[in-house]
Amino acid sequence: MVVVVEKNATKQELENIIEALHKHGFDVHRSTGVNQTVLGAIGVQPDFDTNTIRVLPGVAEVHRITEQYKLASRSFKRDNTVIRVGKNVIFGDEEVVVIAGPCSVESEDQMFTLAESLSALGAVMMRGGAFKPRTSPYSFQGLGEKGLRIMRNACDAFGLKMVTEIMDVSQIETIMQYTDVLQIGARNMQNYTLLREVGRIDKPVLLKRGLSATTEELLMSAEYILSGGNEGVILWERGIRTFEKSTRNTMDLSAIPVIHQKSHLPIIADPSHAVGIRDKVIPMARAAVAAGADGIMVEVHPDPDNAMSDGGQSLFPEQFKQLMQEIKIIIHAIGRKLSGPVKKKGIHSIEN
């Protein structure tokens, strides 16, 4: 249920509304926009009479939310959620964020060389896995905490924000010491224990769509994080498994406008995992930006042919340069801009 508070409601009236909702067994989540406050009342009470709340002083409107995902719904929050990572990385506003880096952290030389190139070419965040969920137990599993230290140092040296994957609840404390943004991979999109735990932290979370998940299932997973109190959820379209065999997955570009219609949360696109073929990544990155993605994430490696994982879908730095040149044209054409070092004022945001 959504309770829209009157614009001129007093602080006491707002507190009375919240107290009444708690009294009737609802958990209350507050969303404060530029002009209005909205309360999300969460609880399974199909027979509850909404007039009980509607008649309270300070209440403008009361609506039931029909979607299973309440807090992620556009019905709960009409304005886009804007998530700020540090001073210069903004998700969900007019900026388009570019995240790039290797599949896996392999060495200090690799990460420092790449961080220098990515920073010079316009990326503002670096990705890289220190703990790698691999299909085969015999494949490279990552460097662990050593990899986190290497990546943190490389990012700091060249002014990049860091995002890395968390695979298990037991890794939260360690990874939180290093990263700016946590990544939850496709295999863990429905790991509800992990989702609940990251819902209790104060860092943004990139939530990747599962290989066979619908957009509604993705939003339901986001709901687990939001219900824990963490509002910094960034959705991530990375392609889905279909009958098509000519690419690694099928990139569902339609998910971008669909998510924007259903939810206030930002969404980025990952053409590297979606198509899995290096020469198809740039065209799909262009298409994702044109479709309205709030950012793109691509895999880049200084020597993809000798990468320890996902080399076939990783761009050479020169190809990443080409990608940046081409998407800048599209970003400008659709009235947006590339996320950069300019600090914006007056944005309701989530900082870490």
When D93 is run through (1) among the charged types (D, E, K, R); (2) in contact with a Lys or Arg (Cβ under 9 Å, 6 or more places away or on another chain); (3) assigned to a loop (DSSP other than H, G, I, E, B); (4) over 19 Å from I234 (Cα atoms), the failure sits at (4)
Would you say I296 is closer than 26 Å to S263 by Cα, at pLDDT 95 or above and either out of contact with any strand residue (DSSP E or B) (no Cβ under 7 Å at 6 or more places or on another chain) or of a type in the set (V, I, T) (or both)? yes
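This table checks each residue for (1) modelled with pLDDT of 90 or more; (2) surrounded by 15 or more Cβ atoms within 10 Å (Cβ to Cβ); (3) over 22 Å from A288 (Cβ atoms).
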site: G92; (1), (2), (3): yes, yes, no
site: C103; (1), (2), (3): yes, yes, no
site: Q110; (1), (2), (3): yes, yes, yes
site: E116; (1), (2), (3): yes, yes, yes
site: G122; (1), (2), (3): yes, yes, no
site: T135; (1), (2), (3): no, no, yes
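Would you say L21 is in a helix (DSSP H, G or I) and not assigned by TED's automatic domain parsing to the domain that holds S263? Steps first, please.
Working: in a helix (DSSP H, G or I): yes; not assigned by TED's automatic domain parsing to the domain that holds S263: yes.
Against the criterion (in a helix (DSSP H, G or I) and not assigned by TED's automatic domain parsing to the domain that holds S263), L21 qualifies.
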Just to confirm my filter: which helices (runs of 4 or more DSSP H) fall fully inside region 136-238 and include at least 2 residues that are among the basic types (K, R)? 145-157
Does region 153-166 hold any residues that are surrounded by fewer than 21 Cβ atoms within 10 Å (Cβ to Cβ) and on the phi < 0 side of the Ramachandran plot, and which are they? N153, D156, A157, F158
Any idea which of I277, I282 is more than 18 Å from P257 (Cα to Cα), surrounded by fewer than 17 Cβ atoms within 10 Å (Cβ to Cβ) and aliphatic (A, V, I, L, M)? I277
May I ask you to list pairs of residues, at least six apart or on different chains, whose Cβ atoms are under 8 Å apart, with the first in region 179-208 being over 24 Å from K146 (Cα atoms) and the second being acidic (D, E)? M189/E217; Q190/E217; K208/D270
Determine which single condition G229 fails, assuming it passes every other condition in (1) more than 20 Å from S73 (Cα to Cα); (2) in contact with a His (Cβ under 9 Å, 6 or more places away or on another chain). (1)
For region 186-209, state whether one or more residues are buried (at least 23 other Cβ atoms within 10 Å of the Cβ) and more than 26 Å from L143 (Cα to Cα). no
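Going by the structure shown, is D270 acidic (D, E) and out of contact with any Lys or Arg (no Cβ under 8 Å at 6 or more places or on another chain)? Break it down stepwise before answering.
Details: acidic (D, E): yes; out of contact with any Lys or Arg (no Cβ under 8 Å at 6 or more places or on another chain): no.
In short, no.
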Region 226-248: number of residues that are within 16 Å of T215 (Cα to Cα) and either surrounded by fewer than 16 Cβ atoms within 10 Å (Cβ to Cβ) or without any contact (Cβ under 8 Å) to a residue 60 or more places away in the chain (or both): 7
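Residues of region 100-114 being farther than 11 Å from T164 by Cα and not aromatic (F, W, Y), which ones?
Passing the criteria: A100, E106, S107, E108, D109, Q110, M111, T113, L114.
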So which of V181, V163, V96, V198 is at pLDDT 95 or above and farther than 22 Å from S221 by Cα? V96
On the basis of being small (G, A, S) and under 18 Å from I296 (Cα atoms), does G159 make the cut? no
Within region 42-82, residues part of a loop (DSSP other than H, G, I, E, B) and of a type in the set (D, E) come out as D47, D49, E67, D79
Residue that is nearest to the chain's Cα centre (by Cα), among those in region 51-82 that are over 21 Å from T10 (Cα atoms) and among the hydroxyl-bearing types (S, T, Y): T81
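The values are calculated or read from the model by the stated rules, or taken from the named source; none is laboratory data. This is a predicted model, so every value here is computed, not measured. Positions of Cβ are backbone-derived with ideal geometry, glycine not excepted, and every protein chain shown enters the neighbour counts.
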